[in-house]
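Contents: one structure, followed by commentary.
The values are calculated or read from the model by the stated rules, or taken from the named source; none is laboratory data. What you see is a predicted model, and the numbers here were worked out from it, not measured in a lab. Reconstructed Cβ throughout: ideal geometry from the backbone, glycine too, with neighbour counts over all protein chains shown. Each accessible area value is taken on the protein alone, full model and side chains, heavy atoms only, with ligands, DNA and RNA left out. Shrake-Rupley method; radii C 1.70, N 1.55, O 1.52, S 1.80 Å.
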Amino acid sequence: MREWGILVYLEQHGQATASELSDAFTVTRTLISRNTWRLIQDNLIQSQVNPNDRRVVWLSLTVNGQERVQEGVRQVQENLKTFNQSHDLEKLTKQVETLSQQLAKIN
């Protein structure tokens, strides 16, 4: 789950250092390094050393990472749409039941 959070954070901020990510997620830099290493291995993020300060390593999404985030967002939107339709169906069912009860009283 943290890996997904890292992807979304990088999508929103463009790039970040491991220190920034550890601050944002309130976890150790070691834990962030483990998570980002996996994402680098999966070609979802890339690292780039700052040429002006070689101690600073910037992390950013790869094209694959951008696509993965966009797909995740689409899935969430579809799930919300399905939920709303399901909720609407539930409301409609209750309204039909109420109408049926009112009709039964009239007859």
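Observations
- Region 17-45 residues that are within 14 Å of Leu59 (Cα to Cα) and among the polar types (S, T, N, Q), paired with ones that are part of a loop (DSSP other than H, G, I, E, B) and at pLDDT 95 or above (beta carbon under 9 Å, 6 or more apart): Asn43/Thr62
- Of all residues in region 15-43, those satisfying the criterion of being open to solvent by 60 Å² or more (accessible area, probe 1.4 Å) and over 14 Å from Glu3 (Cβ atoms) are Gln15, Glu20, Asp23, Thr26, Thr28, Arg29, Thr30.
- Matching residues in region 8-34 - criterion: being within 20 Å of Glu71 (Cα to Cα) and either in contact with a helix residue (DSSP H, G or I) (Cβ under 7 Å, 6 or more places away or on another chain) or in a helix (DSSP H, G or I) (or both): Val8, Tyr9, Leu10, Glu11, Gln12, His13
- Residue ID - least open to solvent (accessible area, probe 1.4 Å), chosen from residues in region 44-82 that are farther than 11 Å from Glu11 by Cβ and assigned to a loop (DSSP other than H, G, I, E, B): Thr62
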